[in-house]
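Encoded as structure tokens, the structure appears first; notes follow it.
The values are calculated or read from the model by the stated rules, or taken from the named source; none is laboratory data. Bear in mind the structure is a predicted one, so any value in this text is a computation, not a measurement. Cβ sites come from the backbone with ideal geometry, for glycine too, and all protein chains shown count toward neighbours.
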Amino acid sequence: MPRMDGITLKERVRAQRPEIKVIVMSGETANIIAIENTPDAFLRKPFIPPTLLKCVQRVLAEAYSGVCEEVEA
């Protein structure tokens, strides 16, 4: 995103809608992201589409909080 990073976007969205679910995607490790943020889930890049789908499903359906693991293609 040219004008703001994802963390700033997350903070702005949560300020307006605190109930919204957030999945942070990064090439960094989950520990680094968790220190500075409060996502519902973390997905490490690169990932395959089925992994993203499973992560979104878990966060929405199960109120999941944690690291989304890579799934088999």
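Kindly indicate whether Val71 is modelled with pLDDT under 90, outside any loop (DSSP other than H, G, I, E, B) and touching a helix residue (DSSP H, G or I) at 6+ places or on another chain (Cβ under 7 Å).
On the way: modelled with pLDDT under 90: yes; outside any loop (DSSP other than H, G, I, E, B): no; touching a helix residue (DSSP H, G or I) at 6+ places or on another chain (Cβ under 7 Å): yes.
In short, no.
Quick one: how many residues across the range 1-16 are in a helix (DSSP H, G or I) and out of contact with any Asp or Glu (no Cβ under 9 Å at 6 or more places or on another chain)? Reasoning before the result, please.
The initial filter retains those residues of the range 1-16 that are in a helix (DSSP H, G or I), namely 6-16.
Within this subset, residues satisfying the condition of being out of contact with any Asp or Glu (no Cβ under 9 Å at 6 or more places or on another chain) are 6, 8-16.
Looking only at that region, the number is 10.
Check the range 28-45 and report whether any residue there is at pLDDT 85 or above and in a helix (DSSP H, G or I).
The initial filter retains those residues of the range 28-45 that are at pLDDT 85 or above, namely 41-45.
Then keep just the ones that are in a helix (DSSP H, G or I); that gives none.
Among the residues of the range 28-45, not one is at pLDDT 85 or above and in a helix (DSSP H, G or I), which makes the answer no.
Identify, please: which residue in the range 51-68 is more than 19 Å from Ser26 (Cβ to Cβ) and of a type outside the set (A, V, I, L, M, F, W, C) and is, among those, modelled with the highest pLDDT?
To start, the set of residues in the range 51-68 that are more than 19 Å from Ser26 (Cβ to Cβ) comprises 57, 60-63.
Next, only the ones that are of a type outside the set (A, V, I, L, M, F, W, C) stay: 57, 62.
Details: Gln57: 93, Glu62: 79.
So, considering only residues that are more than 19 Å from Ser26 (Cβ to Cβ) and of a type outside the set (A, V, I, L, M, F, W, C), the one modelled with the highest pLDDT is Gln57.
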